[in-house]
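Taking it in order: structure first as structure tokens, then the write-up.
The values are calculated or read from the model by the stated rules, or taken from the named source; none is laboratory data. Since this is a predicted model, take the numbers as computed values, not measurements. With ideal geometry, Cβ positions are generated from the backbone for all residues, glycine too; neighbour counts draw on all protein chains shown. Note: accessible area is taken over every heavy atom of the protein model, side chains too, but ligands, DNA and RNA are not part of it. Shrake-Rupley method; radii C 1.70, N 1.55, O 1.52, S 1.80 Å.
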Amino acid sequence: MTAIRSINGISPQIEPAKGGYRVNKSDLYSDSTGRSSETGAMIQYLIRRNIVTIELTYSSCLADIAAIEDLISSSQLTVEYLDNGSYSTKIMYPSDRAKDITSLKGRGWATLSFSLIEL
């Protein structure tokens, strides 16, 4: 099973690097969430649960990394990813991208790290 089945209907040509795939889920709370001044008890104002963030790292030749960068170049992406043994689809946007480029035996090699964050 591939970690990322498709981005905007296109399957990535390469898999994330070993250890380069992580799914985080977080909750979003209102600015008014906090502790009561009288009792000190937490008062939570939940806005949304289980917002998905997928952290990815790809390592490959420069052409493969350029193809991944092109695949995530839109501000809104439909991403089909593997989570808990089945595929889920979410509308996401890409975070800042970090790319390390090295020369390996005269050939360009790169590592690209970024996150896909649910809208």
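Is at least one residue of the stretch 7-24 over 24 Å from LYS99 (Cβ atoms), among the aromatic types (Phe, Trp, Tyr) and within 16 Å of the chain's Cα centre (by Cα)?
no
Run GLY19 past the list (1) touching a strand residue (DSSP E or B) at 6+ places or on another chain (Cβ under 7 Å); (2) surrounded by fewer than 16 Cβ atoms within 10 Å (Cβ to Cβ); (3) under 15 Å from SER115 (Cα atoms); (4) of a type outside the set (S, T, N, Q) and report the number of the one that doesn't hold.
Failed condition: (1).
Within the stretch 81-101, restricting attention to residues that are in a loop (DSSP other than H, G, I, E, B) and in contact (Cβ under 8 Å) with a residue 12 or more places away in the chain, which residue is least open to solvent (accessible area, probe 1.4 Å)?
Looking at the filtered set, the residue picked out is SER95.
Mind listing just one residue for me: the one in the stretch 43-80 that is part of a loop (DSSP other than H, G, I, E, B) and hydroxyl-bearing (Ser, Thr, Tyr) and, of those, nearest to ILE117 (Cα to Cα)?
So, considering only residues that are part of a loop (DSSP other than H, G, I, E, B) and hydroxyl-bearing (Ser, Thr, Tyr), the one nearest to ILE117 (Cα to Cα) is SER75.
So, in the stretch 46-68, how many residues would count as being open to solvent by less than 60 Å² (accessible area, probe 1.4 Å) and among the charged types (D, E, K, R)?
Residues in the stretch 46-68 being open to solvent by less than 60 Å² (accessible area, probe 1.4 Å) and among the charged types (D, E, K, R): 1 in total.
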